[in-house]
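**Student:** There's a structure below that I have some questions on.
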Amino acid sequence: MMGCECRGGFFALRDCDQPVATSCGTCGRGVCSRHLSPASGFTQCLDCWAQGHGDEQQKVADDGSVPAVDRSVADDAAYDDDWAYGYRHGFYRSGYAPIYFGSHSSRYYDTYDTRSFDDDYGDESGFSEGDGGFGDS
Amino acid sequence: MTTLLRSPESLYAAYDRFPTQKGASTHIARFAPALFRHAGGGLLYVLGDSSMPQRQLEENVEIVRFRREIPNFLERAIAFQSALSRIVDAARGSLRIAHFRDPWSGPPLVTANRSWAAVYEVNALPSIELPNAFPSVAPRTLAKIRAVELHCLEACDAVVTPSRTTASMLERLGVNRAKITVIPNGADPVPSQPRPVDAPERYILYFGAMQRWQGVDTLLRAFARLTDLDELRLVVCGSARSRDARRLESLASKLGLSDRVVWQYELHDRELRPWLANAELSVAPLRECARNVEQGCAPLKIVESLAAGVPVVASNLPPVREIVTDGIEGRLVVPDRPADLARAIRVLLHSPQRREEMSIAARRRVEESLTWDHALAALTALYERLDSLPHQRGRIALRPEISIEGARA
């Protein structure tokens, strides 16, 4: 069984890999119970919820800076994952690229493997138009 | 846990968009229903796009499409495999047989503790083909992909391949010959077709994909040597208007062939058939490259041309010789030589009698051994043999000198 495909951390990311509880209704990734968004009614992963609502949590100024967010003591009393992932999403939009040594959801392939596939494909291949494309023709 | 609409008895997985007008799609459309018929139902897991439904239920077959758009090829393949793992978890209780086409689908289906038979259909190996698409892919990455391929080849119960050339390549990789079944691609005989209304008076045809290994540039250069045949046109029916196709259109323009080449794209099978059946010749100018010569291939375009009674002029390569005998169903020429290709086309165009004889021989060749019925009968016989194996799957190991760990170095 594959582990949860979400990533924890802020400045540097790590794979979660906890047992999968369900699939995210938006991105389809396998998600553990901790990475399901309570605010979405546990139908989305925290990343997808953050992408849909993160901007409400963390505004990015026109100059790209991220203003401080006023959080009350009461807010901090209960750790709020939805808020935290929304804040992270907004922070990354300011231009910060987190450090990450894993691959999308694989412990076998790493970023060194995947980056040579960053080029747009389809030019000289049977891999065009979004196909996996191993032709038998 | 992924929830399925029904408990599948079988599973056919392919990292290919389905359906499309490509050869891979034709293959899936034939093989997957044969699996589902044999097992009494099943699940088809393929790639899709936003224009296709993510879930479909058609009687006893559920279709699940992986539709997430991930620009990076490898990342997408990994995510595809991850989603398949969850499907396999959900299907574990009912699954009796699984059939997969690539190393992206294979690992979740060849797990050691499975209770189903696993068939690996090898049309091509990404460790060989990917450098054509991604020239900068690192040897270390290719070695990792090769290791997964070897793992799937070792852990599966049977290997199916459409070409003896590919079977030989797999044996060289260490696969036990007894595990390999060669099932050639098929085609159904094509009855005579009405001439397309916009068809040129006289034309030769190329149809299929446009990757460099197909050698369409050689065909264009050959056709540039036939411009003295005023009425002759080249019709190119591409499976997709890819950048490869635009590159070839540009080449045709540079060769002064703009008004002599007719380009068509993504024709449905029923639209392509009249173009094929009324062509003077069909051309398969495959390049002499590792992909075609060492790995092997099974060009559906050649089999489909023969089924339509259209003589073929093709490159003289081992996988082509499995289908066409030089001088019987068509002509085989030295690959990558435009002059030789042009000469063979010219000679056949000047000999209607010869073409007629080849047309009859071509149809006979397909009817005797290359129909889809032949292919599916062989596939079903393989499934039946696997049914008789014990549920606890045993591995037929690779030859001892082949080291999967070594490939990971």
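The values are calculated or read from the model by the stated rules, or taken from the named source; none is laboratory data. Note that the coordinates shown come from a computational prediction; the quantities given were computed from them, not determined experimentally. Cβ placement follows ideal geometry from the backbone for every residue including glycine, while neighbour counts extend to all protein chains displayed.
**Student:** How many residues are among the polar types (S, T, N, Q) and at pLDDT 60 or above if we restrict to segment A:45-59? Give the derivation first.
**Tutor:** Going through segment A:45-59, the residues among the polar types (S, T, N, Q) turn out to be A:51, A:57-58.
Checking which are at pLDDT 60 or above leaves us with A:51.
Counting residues in segment A:45-59 that are among the polar types (S, T, N, Q) and at pLDDT 60 or above gives 1.
**Student:** Got a sec? Which of B:ILE78, B:ILE28, B:ILE63 is aliphatic (A, V, I, L, M) and out of contact with any strand residue (DSSP E or B) (no Cβ under 8 Å at 6 or more places or on another chain)?
**Tutor:** Details: B:ILE28 fails: out of contact with any strand residue (DSSP E or B) (no Cβ under 8 Å at 6 or more places or on another chain); B:ILE63 fails: out of contact with any strand residue (DSSP E or B) (no Cβ under 8 Å at 6 or more places or on another chain).
Answer to the selection: B:ILE78.
**Student:** Can I ask one more? Within segment B:215-248, track down each residue that is in a helix (DSSP H, G or I) and in contact with a Ser or Thr (Cβ under 8 Å, 6 or more places away or on another chain).
**Tutor:** Hits for segment B:215-248 are B:ARG243, B:ASP244.
**Student:** Looking at segment B:271-322, which of its residues are surrounded by fewer than 24 Cβ atoms within 10 Å (Cβ to Cβ), of a type in the set (S, T, N, Q) and touching a Pro at 6+ places or on another chain (Cβ under 8 Å)?
**Tutor:** B:ASN278, B:ASN292, B:ASN316
**Student:** Go through segment B:16-69 and report how many residues are farther than 25 Å from B:GLY186 by Cβ and assigned to a loop (DSSP other than H, G, I, E, B).
**Tutor:** Qualifying residue count, segment B:16-69: 10.
**Student:** Please verify whether segment B:181-201 includes one or more residues that are outside any loop (DSSP other than H, G, I, E, B) and outside the structural domain of B:LEU349 (by TED's automatic domain parsing).
**Tutor:** Checking segment B:181-201: at least one residue is outside any loop (DSSP other than H, G, I, E, B) and outside the structural domain of B:LEU349 (by TED's automatic domain parsing).
**Student:** Restricted to segment B:12-29, and to residues that are under 9 Å from the mean Cα position of the chain (by Cα) and facing chain A (nearest Cβ under 7 Å), which residue is farthest from B:ALA117 (Cα to Cα)?
**Tutor:** So, considering only residues that are under 9 Å from the mean Cα position of the chain (by Cα) and facing chain A (nearest Cβ under 7 Å), the one farthest from B:ALA117 (Cα to Cα) is B:LYS22.
**Student:** Another question, if that's okay. Please find, within segment B:189-243, the residue that is nearest to B:PRO338 (Cα to Cα) out of those that are within 14 Å of chain A (Cβ to nearest Cβ) and among the small types (Gly, Ala, Ser).
**Tutor:** My answer is B:GLY215.
**Student:** Given the conditions (1) of a type outside the set (Lys, Arg); (2) modelled with pLDDT of 75 or more; (3) assigned to a loop (DSSP other than H, G, I, E, B), which single one is not true for A:TYR92?
**Tutor:** (3)
**Student:** Filter segment A:9-27 for residues that are touching a strand residue (DSSP E or B) at 6+ places or on another chain (Cβ under 8 Å) and of a type outside the set (S, T, N, Q) and give the result.
**Tutor:** The answer is A:PHE11, A:ALA12, A:LEU13, A:ARG14, A:ASP15, A:CYS16, A:ASP17, A:PRO19, A:VAL20, A:ALA21, A:CYS24, A:CYS27.
Yes or no, residue by residue, for (1) crowded, with 24+ Cβ neighbours inside 10 Å; (2) in contact (Cβ under 8 Å) with a residue 12 or more places away in the chain; (3) among the polar types (S, T, N, Q); (4) closer than 23 Å to B:ASP157 by Cβ:
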site: B:VAL61; (1), (2), (3), (4): no, yes, no, yes
site: B:ARG67; (1), (2), (3), (4): no, yes, no, no
site: B:GLY93; (1), (2), (3), (4): no, yes, no, yes
site: B:ASP102; (1), (2), (3), (4): yes, yes, no, yes
site: B:SER105; (1), (2), (3), (4): yes, yes, yes, yes
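**Student:** On the given criteria, is A:CYS4 crowded, with 19+ Cβ neighbours inside 10 Å, under 19 Å from B:ALA79 (Cβ atoms) and within 12 Å of the chain's Cα centre (by Cα)?
**Tutor:** Criteria met by A:CYS4.
**Student:** Just one of B:ALA83, B:ALA117, B:ALA90 is under 22 Å from A:VAL20 (Cα atoms), in the same structural domain as B:LEU43 (by TED's automatic domain parsing), out of contact with any Gly (no Cβ under 7 Å at 6 or more places or on another chain) and of a type outside the set (S, T, N, Q); which is it?
**Tutor:** B:ALA90
**Student:** Does segment B:178-185 contain any residue that is under 30 Å from B:ALA381 (Cβ atoms), surrounded by 22 or more Cβ atoms within 10 Å (Cβ to Cβ) and at pLDDT below 95?
**Tutor:** yes
**Student:** Among what's in segment B:70-91 and is within 18 Å of B:ARG17 (Cβ to Cβ) and polar (S, T, N, Q), pick the residue that is surrounded by the most Cβ atoms within 10 Å (Cβ to Cβ).
**Tutor:** B:GLN81
**Student:** Whether any residue in segment B:252-266 is within 14 Å of another protein chain (Cβ to nearest Cβ), surrounded by fewer than 22 Cβ atoms within 10 Å (Cβ to Cβ) and at pLDDT below 95 is what I want to check.
**Tutor:** So the first thing to find is which residues in segment B:252-266 are within 14 Å of another protein chain (Cβ to nearest Cβ), and the list is B:265-266.
Applying the additional criterion that residues be surrounded by fewer than 22 Cβ atoms within 10 Å (Cβ to Cβ) yields B:265-266.
If we keep only those that are at pLDDT below 95 as well, we get B:265-266.
Within segment B:252-266, one or more residues are within 14 Å of another protein chain (Cβ to nearest Cβ), surrounded by fewer than 22 Cβ atoms within 10 Å (Cβ to Cβ) and at pLDDT below 95.
**Student:** With the requirement that a residue be at the interface with chain A (Cβ under 8 Å from one of its Cβ atoms) and hydroxyl-bearing (Ser, Thr, Tyr), what does segment B:117-154 give you?
**Tutor:** Those that are at the interface with chain A (Cβ under 8 Å from one of its Cβ atoms) and hydroxyl-bearing (Ser, Thr, Tyr): B:SER136, B:THR141.
**Student:** Confirm whether B:LEU389 is outside any helix (DSSP H, G or I) and of a type outside the set (S, T, N, Q).
**Tutor:** Taking the combined requirement at face value, the residue satisfies it.
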